[in-house]
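Below is one structure, written out as structure tokens; comments come after it.
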Amino acid sequence: MRQLLVMILFFFIIGCAHEPKEQKQSLQNENITNVSHDGSASRSDQWHAKKAVDMLKARRDVKDAVAVEANGRLLVAYQVKHMQRFRMKDIEKDIERMLNDTFDKQVIASRDLKIFWETKALKEKLETKHMSEKEIEKKMMTIQKLSEEQT
């Protein structure tokens, strides 16, 4: 009887340990664990975006970054490491100054997690689907409006 109870308990624990499906559902967990990916879109006209992502990832206070370039604008979203949040205002000013000095395009930079998710989704759409410039512009305008609104 005891062996049967131990076997049932063993199979129950093994059955509960299958968590990869739940981890993929959480967007925030995906962004935290998936730091090593290239955050720029992979179209041929995205080299400014790739350069911006490389610049931000080289900083020790930035955890992850993603960027998209379209129609003379560069949309950059980044996440700051947890312990660096005490210096958030200084980090934001420094990143804005660095990006504006480096690129002659209109730079839209945001540290907001929602903007990060939206920019990452746009980047993935650019990689997988062929989007027209009009669709890209419309989505970038939506993300820009989201970044400008205050809660």
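None of the figures in this text is laboratory data; all of them are computed from the coordinates on show. Keep in mind that this is a model prediction, so the values were computed, not measured. Neighbour counts are summed over all protein chains in view; Cβ atoms, including those assigned to glycine, are modelled from backbone coordinates with ideal geometry.
Per-structure values
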quantity	calculated
Strands (runs of 3 or more DSSP E) contained entirely in segment 53-113, each with at least 3 residues that are under 12 Å from the mean Cα position of the chain (by Cα)	62-70, 73-80
Pairs where the first residue, in segment 70-88, is closer than 18 Å to Met98 by Cα and the second is of a type in the set (Phe, Trp, Tyr) and in a loop (DSSP other than H, G, I, E, B), C-beta under 6 Å, 6+ apart	Leu74/Phe103
Any hit, segment 95-109, residues being farther than 20 Å from Lys50 by Cα, of a type in the set (D, E, K, R) and surrounded by fewer than 16 Cβ atoms within 10 Å (Cβ to Cβ)	no
